[in-house]
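The values are calculated or read from the model by the stated rules, or taken from the named source; none is laboratory data. These figures come from a predicted structure and were not determined experimentally. Quick reminder, even Gly has a Cβ in these numbers, built from the backbone with ideal geometry, and neighbours come from all protein chains shown.
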Amino acid sequence: MLYSMTGYGRAEKTIADKTYLIELRSLNGKQYDIRLTMPSLLKPYEFEIRNILNEGLMRGSIECVITLSQNGSDKAIRVNKNVVKAYYAPVFELSKELGLSQENILSTLLRLPDVIGASTEIIAEDEWQLFSKLLNDAINDLNGHRKEEGKSMEDDLTVRISNIELQQAAVALLEPQRRIKIKEGLQKVLDENLGKENYDPNRLEQELIYYIEKIDISEEQVRLKNHCEYFRDVLNDKSIIKGKKLSFILQEIGREINTTGSKAYDSDVQKCVVLMKDELEKAKEQILNVL
């Protein structure tokens, strides 16, 4: 089973008097990368949150947004009395110099910077346990989407490998005739330029055997067949993270296809090679998004 790197997960729950909404988005990426946005209330647990996300999502470019809303109670605030006292004297003196009323001096002071701030409240341990479960729910939701998309990707990759194998079978059918055409072509060149009576047929036969061995593609075809089978085995194994391994196997498949093309010296075989390369490129594009 394949998992895609892209997906979306969401979970929402009210814990005590707070409602948490967790939204997760995942895109493809070579490594694990996380962008985390969360309320200050959860800052003491940032390390634990990152660890949970890392263990649950494993790979990809992740965006996690956690929002918080209070329910049924006012958000706690604090008034910094020392700052108010520091502001008071100069504000009072300025109002006297300008002949202004001091009746609204308190409301003025409360509007000044750093006078009023949010409380330093943090969630209790039992609330954290409930929140961590909610975070795992969002991760499971995202991984569910990853699995659904991975199924369609697996079907497509299976088709690509099957198409490569079909072209490989066509190459195997063309191989005997390819050897004959190469031999006949060389003999024709010699006959036209030297004449049959001017070269030793036995010596020619030996040279042809050596030359045909040099352009033999049977080893490449065996390795290509093995790589395709291995690709299918990895697709079907139970491991979750397999994108990099599958990418490496496709590189090996591409190497054998390229070598076959460079040694073919046959237009019909070259057509099969072009079709195999086309399927390989489509498979590589899909692999970029595999977990």
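Could you check, for the stretch 239-262, whether at least one of its residues is touching a helix residue (DSSP H, G or I) at 6+ places or on another chain (Cβ under 9 Å), within 18 Å of Leu166 (Cβ to Cβ) and modelled with pLDDT under 90? So far as the stretch 239-262 goes, yes, one or more of its residues are touching a helix residue (DSSP H, G or I) at 6+ places or on another chain (Cβ under 9 Å), within 18 Å of Leu166 (Cβ to Cβ) and modelled with pLDDT under 90. Restricting attention to the stretch 233-268, report how many residues are more than 19 Å from Arg178 (Cβ to Cβ) and part of a helix (DSSP H, G or I). The number of residues fulfilling the criteria is 17. Note on the stretch 122-154: residues that are loosely packed, with under 13 Cβ neighbours inside 10 Å and either outside any helix (DSSP H, G or I) or in contact with a His (Cβ under 6 Å, 6 or more places away or on another chain) (or both) amount to 1.
Of everything in the stretch 233-254 that's surrounded by 12 or more Cβ atoms within 10 Å (Cβ to Cβ) and small (Gly, Ala, Ser), which residue is farthest from Asp278 (Cα to Cα)? If we take residues in the stretch 233-254 being surrounded by 12 or more Cβ atoms within 10 Å (Cβ to Cβ) and small (Gly, Ala, Ser), then Gly243 is farthest from Asp278 (Cα to Cα). Within the stretch 269-291, residues that are more than 13 Å from Ile161 (Cβ to Cβ) and part of a helix (DSSP H, G or I) sit with their Cβ atoms under 7 Å from residues that are modelled with pLDDT under 90 and polar (S, T, N, Q), at 6+ positions apart or across chains, in these pairs: Val273/Thr260.
For the stretch 155-175, check the following and say yes or no: at least one residue is at pLDDT below 85, in contact with an Asp or Glu (Cβ under 9 Å, 6 or more places away or on another chain), crowded, with 16+ Cβ neighbours inside 10 Å and among the basic types (Lys, Arg). No, the stretch 155-175 has no match at all.
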